[in-house]
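So the structure is just underneath, and the comments pick up after that.
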Amino acid sequence: MTKKLALILGGTGGAGGEIGLALMRHGWRVRAMGRNPAAAANARPAFEWVSGDAMVRDDVLAAAQGARVIVHAVNPPGYRNWAGTVVPMIENTIAAARAADARVVLPGTVYNYGPETFPRIAENAPQNPRTRKGKIRVALERALEESGVRTLIVRAGDFFGSRTTQNSWFRQMVEPGKPAMSITYPGDPDAGHAWCYLPDLGDTVARLIDREPELARFERFHFAGHYFERGVDIAECIRDVVGRSVPIVPLPWFALRLLAPFNESIRETLEMRYLWTRAVQLDNAKLVRFLGAEPHTPVHEALRRTLEGQGSLPRSAHAHERRAA
């Protein structure tokens, strides 16, 4: 029996990669497109890599031939040039989905929402963003809805996992590549915050796609993930996993403001501060009704795998884990 084909755009990223791996576990064949497929194959060897650029429509059309699903998980690195890249890329994906009669899968963000929807955001909450990136994300989703192509949006909070990109807030909290010596927490310690463990998100998407006939043509689900009533508690959990009392320090927002005129990525990061000063939680009631339960890895296990994957767990912590097993 021929396996169904899914195309991943952004396969070396955290969300795209984990969704692709989950689809493979669910019996899909996964093709991924990248500008440097040889290098990408080293990062994600399980995928079938083809050469192409998400900004080039003909490349996306060619890569999508035969696909029943297109996962649009490509984002500008470091928050740079959203205005010039995000909408053109989704327009190329829409054209490819229309040509292949495929469903587009989009990992959604909370950027679409203003504070009036906080603290608990449902799928039908009004999208009145306060930032440039938020307005671009709203335009992206509107383009999908107005196009008429079959679409599945699964919205989640800030993400973490063993393979994340520089866009991940988790990598700002714990520096990759060396044992954690401190944990930088970006938000108000007492403001609730939602986090998404990417393998759980991938499994959620795969389970939803397995039930394609039951999905609406344009479908949105919210993924709750790990919600911390006190946002800083995720840092406390990281400290538990590290196994020693590393300091938890605040993000120096004032210093970022001083550097912002000289750095686009920092300017874009500053726009997102409002998401760290108020409780932000995603209401997953619709998802739970549909699937029965949301995939959910225990938080300490998820953090351990993440810290190991990014090289931030000291050897003593590894040894402790082995003895505990």
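Read-outs: derived from the displayed coordinates by stated rules, not from any lab. Being a predicted model, the structure only gives us computed values, none of them experimental. Glycine also receives a Cβ, built like all others from the backbone with ideal geometry; neighbour counts cover every protein chain displayed.
Values computed for the structure shown
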{"read-out": "Alpha-carbon Rg/Rh ratio, for the stretch 127-199, with Rh computed the Kirkwood way", "value": "1.06"}
{"read-out": "Rounded to 10°, Cα long-axis angle of helix 233-242 versus longest principal axis of the chain", "value": "80 degrees"}
{"read-out": "Percent breakdown of C-alpha pair distances by 10 Å bin, ordered from the shortest bin, for the stretch 131-262", "value": "10, 31, 33, 19, 7, 0"}
{"read-out": "Kirkwood hydrodynamic radius over Cα pairs of the stretch 80-122, then Stokes diffusion coefficient at 25 °C and 0.890 mPa s, in µm²/s", "value": "192 µm²/s"}
{"read-out": "Percent of alpha-carbon pairs separated by more than 39 Å within the chain", "value": "10 percent"}
{"read-out": "Under the Debye formula (equal points on every Cα, no solvent term), log10 I(q)/I(0) of the stretch 1-152 at q = 0.20 Å⁻¹", "value": "-1.25"}
{"read-out": "Rg/Rg_ref, the stretch 159-222, where Rg_ref = 2.2 N^0.38 Å and atoms are Cα", "value": "1.51"}
{"read-out": "Student exercise, the stretch 163-295 dipole from Lys, Arg, Asp, Glu Cβ charges, in Debye to nearest 20", "value": "240 debye"}
{"read-out": "Rounded, prolate or oblate (a/c below 1.5 giving rounded, otherwise prolate when a/b exceeds b/c) for the stretch 188-325 by Cα gyration tensor", "value": "oblate"}
{"read-out": "Stretch gain in nm, segment ALA43-LYS3, where the contour uses 0.36 nm per residue and the Cα spacing is subtracted", "value": "12.1 nm"}
{"read-out": "Size descriptor, Kirkwood hydrodynamic radius, that averages inverse alpha-carbon separations across the stretch 139-179, Å", "value": "13.0 Å"}
{"read-out": "0 to 90° range, to nearest 10: angle between helix 315-324 axis and the chain longest Cα axis", "value": "80 degrees"}
{"read-out": "Sequence ranges 119-127, 252-260, ranked by mean other-Cβ count within 10 angstrom, highest first", "value": "119-127, 252-260"}
{"read-out": "Label-point gap, in nm, between ARG25 and SER182 - each point 7 angstrom along Cα→Cβ", "value": "3.6 nm"}
{"read-out": "Packing-based order for 210-220, 19-29, using average beta carbon neighbours within 10 Å, highest first", "value": "19-29, 210-220"}
{"read-out": "Whole-angstrom Cα spans of the stretch 1-90 along principal axes, big to small", "value": "42, 24, 21"}
{"read-out": "Test item: Cα-centred dipole of the chain, Lys/Arg +1 and Asp/Glu -1 on Cβ, debye", "value": "400 debye"}
